[in-house]
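Reviewing the structure listed below.
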4 protein chains.
Amino acid sequence: MSKIYKCSFEVRGYELDSFGHVNNAVYLRYLEHARWKMLEEEGITLKKIRASKRWPVISRVEISYKRPLFMGDAIEIETRIVSHQKASFTIEQRIFRQGTLVSDAKLKSVVVDETGRPVGLPEEFLQLGRQLGNHHEH
Amino acid sequence: MSKIYKCSFEVRGYELDSFGHVNNAVYLRYLEHARWKMLEEEGITLKKIRASKRWPVISRVEISYKRPLFMGDAIEIETRIVSHQKASFTIEQRIFRQGTLVSDAKLKSVVVDETGRPVGLPEEFLQLGRQLGNHHEH
Amino acid sequence: MSKIYKCSFEVRGYELDSFGHVNNAVYLRYLEHARWKMLEEEGITLKKIRASKRWPVISRVEISYKRPLFMGDAIEIETRIVSHQKASFTIEQRIFRQGTLVSDAKLKSVVVDETGRPVGLPEEFLQLGRQLGNHHEH
Amino acid sequence: MSKIYKCSFEVRGYELDSFGHVNNAVYLRYLEHARWKMLEEEGITLKKIRASKRWPVISRVEISYKRPLFMGDAIEIETRIVSHQKASFTIEQRIFRQGTLVSDAKLKSVVVDETGRPVGLPEEFLQLGRQLGNHHEH
């Protein structure tokens, strides 16, 4: 099984929309935050990413919204790289509030160069993939 | 075929993220904007929605990101209700830049009451569904 | 001296703009978050505010940006009501990172009714003012 | 008198906060958008700014909120460089809705290098200053 990264934080008041709950787009922000935390935990900083001239971008998201989120809610996000390919990762992320599943998502992240073309993973990502993914796909 | 709603607008500079392109979460904002425009075109305003005490919320999104977007890009969004059920809609949305597909998405929207429970569609939504959806699903 | 409310949190990766630092507008989001926390600490929730049909809105902001903020920065915000008038508050807020002043701001908040007209403070705000403001201005 | 730059656009539904109006922080986003448009009009693109390794950052904002903004409101922003100094600009911006003043702001923008230190203006900004500012301050 691949490693599960966890991060916890709180819904902020300014993230509510005109319906008084967290807007669906903000869930993607939360997931991004959790992915940054995962990379950080593995020593992959924004600075290093920039220096590598290769960037991870999201090419597909499938997300289900199970529960609304409100100001002050304490949430936990689990992030897991489920497989990696030559130039991409498949990632699963789940948002919980006190043990209850609020949202689950499956994302595909592609590593691109400055022109936006998919390229092989930088060495650091590759190592991350090696450590994590026992589901290497061809 | 169901009606295709179109709206056009421009990417704003403050919508770029630290990679210099439009962040993936902002695409969902754009899609939301286009859905508001669709509702507006059918005479369904935020005020009416509030008065009805029933809100459309997004329960699922599947979105593919085909192209990056940059500041000043002129985009067009096509929105189409492909089917409606008792308390929900299935919607397809596509983002174009000068005729090139930038992103396509399939969303499920559920109408809920104040407690967040799925309820039947308000009369106005129903009419919208009747007009649009020749793909009524049970 | 009036009470100083403190709250601490962390800069999230998605709050960076295309220059790689926290965008100036996001500082106002942070200040809003800190004001929500202050109200919460005094038992004034969004729900109560809605029930009172009176809302605090910001009528003026003067803010100085002293330092940039980056992903992962741990910040602390101090919020202080420095005076209250019939229908408004003057608030001072300061953002720190490890004891260094990052930004300071002075804001004026007006309480309005549903039509947007300034009205007297709700009883709960008044009590908050009485407790805090020894600088009652006429 | 210095040149007045104008740009027009529409409030988007996702820019409303939990009170149903445009949040105060979003006004700063709008002002930023208008400044980007001004720079663009003068041929100063994000790409050129990045290449110059000097960035304009906001060091101070004083903004008054006169009117709320709602979804669909058509707004016009006037932007004017009122003076320029060695490494900075003073800018005035006003937001209108159908001729009515919604917000006015005075901002100070400082040009910094990669380390965040204020530096002299790049040649292109200088030219912009020369054209616009007959109020050169020392």
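Just so it is clear, none of the values below were taken in a lab; they were calculated from the coordinates. From a predicted model like this one, the values you see are computed outputs, not experimental measurements. With ideal geometry, Cβ positions are generated from the backbone for all residues, glycine too; neighbour counts draw on all protein chains shown.
Data table
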{"item": "Relative exposure of B:Phe125, D:Phe96, judged by other C-beta atoms within 10 Å (fewest first)", "result": "D:Phe96, B:Phe125"}
{"item": "For C:Val57, distant residues with modelled amide H under 5 Å away", "result": "C:Val110, C:Val111, C:Val112"}
{"item": "Cα-based shape type of the protein assembly as shown, given that a ≥ b ≥ c are square roots of the gyration tensor eigenvalues and the cut on a/c is 1.5", "result": "rounded"}
{"item": "On Cα atoms only, tilt of D:123-132 relative to the major axis of chain D in degrees", "result": "60"}
{"item": "Residues of segment B:42-67 with amide N under 19 Å of the 7 Å Cα→Cβ point at B:Thr115", "result": "B:52-57"}
{"item": "Computed helical MRE - 222 nm, chain A, DSSP H runs ≥ 4 contributing -39500 (n - 2.57), nearest 500", "result": "-8000 deg cm²/dmol"}
{"item": "Cα centroid separation, segment A:1-58 to segment B:2-46 (Å)", "result": "22"}
{"item": "Karplus 3J(HN,Hα) series, Hz, for segment A:101-112 with 6.51 cos²θ - 1.76 cosθ + 1.60 (x for Gly, Pro)", "result": "5, 9, 6, 10, 9, 10, 10, 10, 10, 10, 8, 10"}
{"item": "Cut-off under 5 Å, modelled amide H: who pairs with C:Lys66 long-range", "result": "C:Ser103, C:Asp104"}
{"item": "Degrees between helix A:24-41 axis and first principal axis of chain A (Cα, 0 to 90, nearest 10)", "result": "50"}
{"item": "Axis proximity, chain D to B: residue whose C-beta lies nearest, plus whole-Å distance", "result": "D:Phe9, 4"}
{"item": "Distances in nm from D:Glu123 to the matching label points in the other copies, shortest first (labels 7 Å along Cα to Cβ)", "result": "3.9, 7.0, 7.0"}
{"item": "Rounded to the nearest 20 debye, dipole of the protein assembly as shown from Cβ charges on Lys, Arg, Asp, Glu", "result": "0"}
{"item": "Footprinting exposure proxy for C:Thr79, A:Thr115 (fewest neighbouring C-beta atoms within 10 Å first)", "result": "A:Thr115, C:Thr79"}
{"item": "Other copies of C:Glu10: label-to-label distances in nm, shortest first, labels 7 Å along the beta-carbon direction", "result": "1.4, 3.8, 4.0"}
{"item": "Percent RCO, i.e. relative contact order, over chain D, from Cα pairs under 8 Å lying at least 6 residues apart", "result": "29"}
{"item": "Cβ-Cβ FRET estimate between A:Lys86 and C:Ser2, R0 fixed at 51 Å, reported to 0.05", "result": "0.25"}
{"item": "Per-copy distances of the D:Gly99 label point, shortest first, in nm (7 angstrom along Cα→Cβ)", "result": "4.2, 5.9, 6.4"}
{"item": "23 Å tail of the calculated P(r), segment A:4-132, as % of Cα pairs", "result": "34"}
{"item": "Check: chain C dipole with +1 on Lys, Arg Cβ and -1 on Asp, Glu Cβ, in debye", "result": "240"}
